[in-house]
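Visitor: Can you read through this structure? Questions will come right after.
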Amino acid sequence: MQRAAARVLRGARIPPVRARSAPARPPPRGLLYGRHGEPPAVVQLKDLEVAELGDSDVHVKMLAAPINPADINMIQGTYAILSPLPAVGGNEGVGEVLEVGRRVAALKPGDRVISAGAGLGTWRTQGVFPEENLLKVPSDVPLLCAATLSVNPCTAYRMLADFETLAPGDSVIQNAANSGVGQAVIQIAKASGIKTINVVRDRPDLPKLVERLMALGADHVITEEMLRKPEMKDIFKSIPKPRLALNCVGGKSTTEMLRHLQPKGTMVTYGGMAKQPVMVPASAFIFRDVRLRGFWMTQWRKDHAQDQESLAGMMDALCELIRKGQLVAPACTEVPLQDYRAALEAAMKPFTSSKQILLL
């Protein structure tokens, strides 16, 4: 019986085993705008084509990307640099390397990367980017910290380091202290022993905001209205007047903040949220010899494109602060990519203290 069965098997025609085809990957998607205007009206979630991988290119799966004020301004067409249209939104974010071109030496599949400059178009699920446009970030840096690392913490770090030589015990005053940069300034200054006076706009949930900024390490949190009040003198009984002021607002807020700057101190403007000019009394120049400077992280990166040592030193210092728990991601709201409309609307609301993070 067994021999008969064997003959049957030998003579049988066994169909070839077919390999199971892998499930088709969904096409890459991204948030595209074809004209300048107000988001979210001009932004659409669309399928994207991924470019062929060149010898010096890196194929990246994006993981998370924030919505920053500069991203909104680029879509509106009001920013200093604009991407050719149609464009994918987003200037920063974190992704994972899927594949590298044959001439790519510094990155390999599995590495985490962040954008090295503006205009990368990070609001997408996948992309192919030149190696020079990416920076490797250590894998032990938490996802939200990595996604928000290349703009706000770098801006805070440079402004604290490049304009005044500050020592432990010195103080800094800043407005828009609840912004992403403001939160980073508080933490980096705290780690260096520098005191911070933090100015915010009055709002319904002010006590909660004050509590959160104090938990980050703020020494004083005051409203813009308090800048002119006699109580300011009490602050300077325990800490020296600031030698550095950081301005992201403009208008009256800046003028009032400048009154408390030390003679020969420096005010650095890096934003203009009030959309009003910076007004400085002539007496501040004549009798106190204050200095007014500007800062733009994009320009710093251009100026230091050949100075990899400065860039690496800054990134190492920031990552070390993150490892020590001395620098955390700003307050974030994580939003799936398909809910981008709600995220854009939330990012543009006044008194927003939570950064919208697109999960890709």
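The values are calculated or read from the model by the stated rules, or taken from the named source; none is laboratory data. Nothing here was measured: the structure is a model prediction, and the numbers come from that model. So basically every Cβ, Gly included, is an ideal-geometry build from the backbone, and we count neighbours across all protein chains shown. What goes into the accessible areas is simple: the full protein's heavy atoms, side chains included, and nothing from ligands, DNA or RNA. Shrake-Rupley method; radii C 1.70, N 1.55, O 1.52, S 1.80 Å.
Visitor: Can you tell which of Thr125, Thr165 is closer than 28 Å to Pro26 by Cα and among the hydroxyl-bearing types (Ser, Thr, Tyr)?
Guide: Just a single option satisfies the conditions, and that option is Thr125.
Visitor: Return a yes/no flag: does segment 171-189 have any residue that is hydroxyl-bearing (Ser, Thr, Tyr) and over 20 Å from the mean Cα position of the chain (by Cα).
Guide: yes
Visitor: Please work out which residue is least open to solvent (accessible area, probe 1.4 Å), limiting yourself to segment 294-349 and to residues that are polar (S, T, N, Q) and part of a helix (DSSP H, G or I).
Guide: Out of the qualifying residues, it is Thr298.
Visitor: Sticking with this structure for a sec: Would segment 78-86 turn up any residue that is aromatic (Phe, Trp, Tyr) and closer than 28 Å to Thr352 by Cα?
Guide: Yes, because at least one residue in segment 78-86 is aromatic (Phe, Trp, Tyr) and closer than 28 Å to Thr352 by Cα.
Visitor: Now, a different point. Out of curiosity, is Ala116 closer than 19 Å to Ala146 by Cβ, under 13 Å from the mean Cα position of the chain (by Cα), at pLDDT below 95 and not hydroxyl-bearing (Ser, Thr, Tyr)?
Guide: yes
Visitor: Ok, one more. Any idea which of (1) open to solvent by 60 Å² or more (accessible area, probe 1.4 Å); (2) in contact with a strand residue (DSSP E or B) (Cβ under 9 Å, 6 or more places away or on another chain) is the one Thr148 doesn't satisfy?
Guide: Condition (1) is where Thr148 drops out.
Visitor: Restricting to segment 257-306, what's the tally of residues that are in contact with a Leu (Cβ under 8 Å, 6 or more places away or on another chain), at pLDDT 95 or above and small (Gly, Ala, Ser)?
Guide: Looking only at that region, the number is 1.
Visitor: Could we say that Val137 is in contact with a Pro (Cβ under 9 Å, 6 or more places away or on another chain) and among the hydrophobic types (A, V, I, L, M, F, W, C) here?
Guide: Answer is no for this residue.
Visitor: Taking the criterion of being assigned to a helix (DSSP H, G or I), of a type in the set (S, T, N, Q) and farther than 25 Å from Cys154 by Cα, would at least one residue in segment 266-287 satisfy it?
Guide: For segment 266-287, residues assigned to a helix (DSSP H, G or I), of a type in the set (S, T, N, Q) and farther than 25 Å from Cys154 by Cα: present.
Visitor: Moving to a separate point now. Within segment 2-16, is there a residue that is modelled with pLDDT under 95, outside any helix (DSSP H, G or I) and either of a type in the set (S, T, N, Q) or closer than 19 Å to Ile114 by Cα (or both)?
Guide: No: zero hits.
Visitor: So which residues in segment 81-126 are open to solvent by less than 40 Å² (accessible area, probe 1.4 Å), farther than 14 Å from Met62 by Cβ and in a loop (DSSP other than H, G, I, E, B)?
Guide: Passing the criteria: Ser83, Gly101, Val104, Leu107, Ala116, Gly117, Gly119.
Visitor: Tell me, which residue of segment 215-253 that is in contact (Cβ under 8 Å) with a residue 60 or more places away in the chain and assigned to a helix (DSSP H, G or I) is nearest to Ala70 (Cα to Cα)?
Guide: Ser253
Visitor: Right, something else. Would you point out which residue out of Val210, Val199, Val185, Val181 is over 24 Å from Ile322 (Cβ atoms) and not in a strand (DSSP E or B)?
Guide: Val210
Visitor: Under the condition of being under 24 Å from Ser354 (Cβ atoms) and aliphatic (A, V, I, L, M), which residue from segment 227-254 is modelled with the lowest pLDDT?
Guide: This residue is Val249.
Visitor: So Met74 passes all but one of these: (1) under 22 Å from the mean Cα position of the chain (by Cα); (2) modelled with pLDDT of 95 or more; (3) closer than 19 Å to Arg29 by Cβ. Which condition number does it fail?
Guide: (3)
Visitor: Would you check if there is a residue in segment 222-237 being buried (at least 16 other Cβ atoms within 10 Å of the Cβ), of a type in the set (Ser, Thr, Tyr) and farther than 19 Å from Ala347 by Cα?
Guide: No, because not a single residue in segment 222-237 is buried (at least 16 other Cβ atoms within 10 Å of the Cβ), of a type in the set (Ser, Thr, Tyr) and farther than 19 Å from Ala347 by Cα.
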